[in-house]
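Everything below concerns the one structure shown next.
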Amino acid sequence: MLKAVIFDLDHTLFDRHGTLTALVPLLRRTFAVNPALSDAEVARIWCTADDHWVYDGWNYIFAYLCENGVFVTPPAYDDYRSFVFRAFAGTAVPFDFVLPMLRGFKKEGLLVALITNGQHALQYAKLNLTGLRYVFDEILVSGDFGVEKPDKELFLIACEKLGIAPAEAVYVGDNRKNDVDGAKGAGMRAVWLSATNAAQTGKYEPDAVISDLRLLPEALARLQ
C-alpha cells in the first residue's frame, strides 16, 4: 500500500527553465553578455546547456555558454559558479500546478516529503521562494545529514521519520543515478521524471517514467 510520495527538488518541483530565463537580466548586469543577443536568445542557450549537461557539471554548461557567444569577454569559471549559487538563492520560479498537486496528495491521505542534495541555506531558500516549504511532512537536505543521494541511508532516514517502510513509498526525481538508483537501492519504488535531454543510465529500472510532472497522479494510480 502506498503511504508516501517523496520528491527531489531541483529539476523536479520548480521551473528550472523559467528560473534561468528570469536570471538573464542579472547575468547581464554581472558579466559582459553579448549585446547582439536578446534576452530570449541568451535564455535559450542557457536552458539548452542546462538540459544537456546539468548532471555532468556547471563547467560544461559554462563552456557551452562561452562557445555560443553569450559573453563578450568570458568571466573566470569560478566567478560564474559563484554567481549561479548566489542567483539560485534569490530566484526560483515555481510551477503553478505543483503546490495544488502536493496538497491533493495530502488530502488523499498520503504523506509528502522531500529529499534534496545540497546545502541547507540554498535548498531552503528555493523552498521559500517557491512557496513549497511548509507543504511537506518531512524535508531532508543532504548537507544536514553528512550523506547525499544516491546513498540509500538518506532514503531510509526519510522513511524512519515518516514512520513507514520503504516499500510503502514512491520517490519521484529526474536523476537516474541519484533518484532512481538511490530509491530503488533503499527498497522504494521510483518514478523517473525524464524532463531533460541529458543522456542517463542507471543500475535500476524505474517503476514508471513520465515526461511531465503533471502526469504523476496517473502514474501513481497505476502503481497502487
Only one of 127, 65 is under 24 Å from residue 15 (Cβ atoms), surrounded by 15 or more Cβ atoms within 10 Å (Cβ to Cβ), modelled with pLDDT of 95 or more and not assigned by TED's automatic domain parsing to the domain that holds residue 33, namely 127
Give me a count of the residues in region 165-188 that are surrounded by 20 or more Cβ atoms within 10 Å (Cβ to Cβ), free of Cβ contacts under 8 Å to residues at least 60 places away in the same chain and farther than 13 Å from residue 149 by Cα. 1
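Results for (1) aromatic (Phe, Trp, Tyr); (2) part of a helix (DSSP H, G or I); (3) out of contact with any Leu (no Cβ under 9 Å at 6 or more places or on another chain), shown as yes or no for each residue.
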residue	(1), (2), (3)
150	no, no, yes
180	no, yes, yes
198	no, no, yes
209	no, no, no
214	no, yes, yes
222	no, yes, yes
Could you list all residues from region 189-203 that are at pLDDT 95 or above and surrounded by fewer than 19 Cβ atoms within 10 Å (Cβ to Cβ)? none
Filter result for residue 65 (aliphatic (A, V, I, L, M), without any contact (Cβ under 8 Å) to a residue 60 or more places away in the chain and more than 28 Å from residue 141 (Cα to Cα)): yes
Quick one: is residue 108 within 22 Å of residue 165 (Cα to Cα), more than 16 Å from the chain's Cα centre (by Cα) and crowded, with 17+ Cβ neighbours inside 10 Å? no
Name the residues in region 23-51 that are of a type outside the set (S, T, N, Q), surrounded by fewer than 16 Cβ atoms within 10 Å (Cβ to Cβ) and out of contact with any Asp or Glu (no Cβ under 9 Å at 6 or more places or on another chain), would you? 26, 29, 32, 35, 36, 39, 40, 41
Could you run through region 1-21 and say how many residues are crowded, with 17+ Cβ neighbours inside 10 Å and either hydrophobic (A, V, I, L, M, F, W, C) or farther than 30 Å from residue 149 by Cα (or both)? 9
Out of the residues in region 55-78 that are among the hydroxyl-bearing types (Ser, Thr, Tyr) and assigned to a loop (DSSP other than H, G, I, E, B), which is farthest from residue 198 (Cα to Cα)? 73
Would you please list the contacts, defined by Cβ atoms under 6 Å and residues six or more apart or on different chains, that run from a residue in region 79-108 that is part of a helix (DSSP H, G or I) to a residue that is surrounded by 12 or more Cβ atoms within 10 Å (Cβ to Cβ) and among the β-branched types (Val, Ile, Thr)? 83/30; 102/112; 102/135; 105/5; 105/112; 106/112
Going by the structure shown, is residue 84 surrounded by fewer than 17 Cβ atoms within 10 Å (Cβ to Cβ), touching a helix residue (DSSP H, G or I) at 6+ places or on another chain (Cβ under 9 Å) and within 23 Å of residue 175 (Cβ to Cβ)? yes
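The values are calculated or read from the model by the stated rules, or taken from the named source; none is laboratory data. Being a predicted model, the structure only gives us computed values, none of them experimental. When we count neighbours, we look across all protein chains shown, and the Cβ atoms used for this are built from the backbone with ideal geometry, even at glycine.
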